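The values are calculated or read from the model by the stated rules, or taken from the named source; none is laboratory data. Since the model is a prediction, treat every value here as computed from it, not as a measurement. Please note: Cβ atoms are built from the backbone with ideal geometry, for glycine as well, and neighbour counts cover all protein chains shown.
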Amino acid sequence: MTAPSKRHNRHARACDTCRKQKKRCEGEAPKCKTCKRTNKKCTWTPSPIMISQYRGGHKYRKKTKRYEEVNARGPEPEVSSTAEIDRAAQTLSLYASTGDSLNDKSTAASRTSLEHLNYDKIRRCGEIYFQEWAPLFPALTETEFDKALDGFFDNTDPSSRNLHVTQIYLVVDIVGISSKGHGLEQLPTCTPRWQAILDAAELEPSIQTLQCFTLSLLCCIKHRDYKRLCLYMERAIGLYKNLFLHEDDKDEKHPGVAVENHKGIVWTLFILDCFSAAANDRRMELKYQDIEPTNPHKVDYPDDEASTALYLLRAAQILAQVLAEYPVSPDDRHSFSQRMKDLNSKLRKLHGKLPDRHSFSQRMEDLNSKLGNWHGRLPDRLKLGQDMKSSHPALMTITYHYILAHIHKLAFHFGKKDEHVQNFSLFQTSCKTILDLVGRLEEKDLNLPLCLNRNDLVSVCELGKNSTIVPHNAL
């Protein structure tokens, strides 16, 4: 090792011999006076402080150089989104396993391999997510995703790094599921890893943890994982209430989180709870009172890109009112038809007559009018046109007909007898429209970023289009 220059402090840069003998070292090259006098080899070993400073500076320079190279290369040629996402997930899985993030030794080992992480591919997944999914479900902002990506590289806190890795996995998984309308086989490595982290009991009760649970609900819906959907929904809503996000003074209790971030998380949670309840025939966990502090009372119908989630939220509120009209508690897993028969039998025994069909039909008409008003006030960028360039207008139309189908199904079973044929015909029309729009999206190779499983949606609509249902109030 070369001798130090004379400008360094002699005590800090003493040679090994002088340091062991605790003598003052002159620091002269190639030998100090003490080593010359004793005829010993004069060597210098850097102190631990200098080693840590050097390594820290080297790491910073290395990261800066890598980011500069990424920016200098510019955009890469377009390739198959499925292939690039698959390679990104495979690369990510090598260095961000759950076990690596749970102890210091494995964390340090994974950090030494981070320089091989395919940063461009993960960034590409983020771009697809924030273009297709984030406008509808704003639980995670782009700034927070960048922070998670930086934390994945730099954060030394294992618990915080767990959540950063989970957010990255969830984003990659969501994009992979929705890519070109395909389903469950594209990214098999992502799902078990974020599930392993979220299944752990010792998770910090924080906004970041709530974001992970909210995104996981979207993955469970797309994966048709009903068991985990119920589990994560219960944990997410429990954490949501423990963090006091349903109270008016939530911003004072969480000053570090922006108000818009609060709204995005709460809106997404309510939308997912509502649509998953409609699709899986279960009771909603959240109520309107739970999201009332974040409800945009003063915002009418703005026309900007950030308001897409607001329109979907208003549709979810209408759907929640429709679900509240179901006169049966969906506690069991029987079919809808069987539950209707059981209800009619009980009502005949108790009252000798069925519920007032006229008042029920009037409520359905009011909900239909409210839904039509919502659909008519959509901005032009969210209205379906002949040239389908984006999936969001089609998704809003699918949402409209999905809620409309629920309204006509209820009106058919419990409405006026003379309107049975009309309600059933309108129900079938909505099912046909949904099938047509899903087919057009697949023809255009557009994604389906909706909180409904594509296969389940198609199956239900096919059944509704081809079915002949006997009204239960005519039995």
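Odds and ends about this structure:
This table checks each residue for (1) within 22 Å of Leu452 (Cα to Cα); (2) in contact with a Leu (Cβ under 9 Å, 6 or more places away or on another chain); (3) assigned by TED's automatic domain parsing to the domain that holds Gln131; (4) surrounded by 22 or more Cβ atoms within 10 Å (Cβ to Cβ).
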{"residue": "Leu371", "(1), (2), (3), (4)": "yes, yes, no, yes"}
{"residue": "Trp374", "(1), (2), (3), (4)": "yes, no, no, no"}
{"residue": "Lys383", "(1), (2), (3), (4)": "yes, no, no, no"}
{"residue": "Met388", "(1), (2), (3), (4)": "yes, yes, no, no"}
{"residue": "Thr397", "(1), (2), (3), (4)": "yes, yes, no, no"}
{"residue": "His408", "(1), (2), (3), (4)": "yes, yes, no, yes"}
{"residue": "His413", "(1), (2), (3), (4)": "no, no, no, yes"}
{"residue": "Lys417", "(1), (2), (3), (4)": "no, no, no, no"}
{"residue": "Phe427", "(1), (2), (3), (4)": "yes, yes, no, yes"}
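- The residue list Ser430, Ser390, Ser425 contains one member that is free of Cβ contacts under 8 Å to residues at least 12 places away in the same chain and of a type in the set (Gly, Ala, Ser), which is Ser425.
- Residue, modelled with the lowest pLDDT, within the range 219-248, restricted to residues that are hydrophobic (A, V, I, L, M, F, W, C) and in a loop (DSSP other than H, G, I, E, B): Leu245
- Long-range neighbours under 6 Å by Cβ, at least six apart or interchain, first residue in the same structural domain as Thr38 (by TED's automatic domain parsing) within the range 4-27, second at pLDDT below 50: Cys25/Arg10; Gly27/Arg10
- Filter result (among the hydrophobic types (A, V, I, L, M, F, W, C) and touching a Gly at 6+ places or on another chain (Cβ under 9 Å)) within the range 381-433: Leu404, Ala405, Phe427, Cys431
- Taking the range 249-338 as the region of interest, the helices (runs of 4 or more DSSP H) fully inside it that hold 3 or more residues being farther than 27 Å from Ala394 by Cβ and at pLDDT 60 or above are 259-280, 288-291.
- Residue that is at pLDDT below 75, over 27 Å from the mean Cα position of the chain (by Cα) and part of a helix (DSSP H, G or I), where the choices are His358, His420: His358
- Pairing each residue of the range 189-211 that is without any contact (Cβ under 8 Å) to a residue 40 or more places away in the chain with any residue that is not in a helix (DSSP H, G or I), provided the two are 6+ apart or on different chains, yields C-beta distances under 7 Å for Pro205/Leu243.
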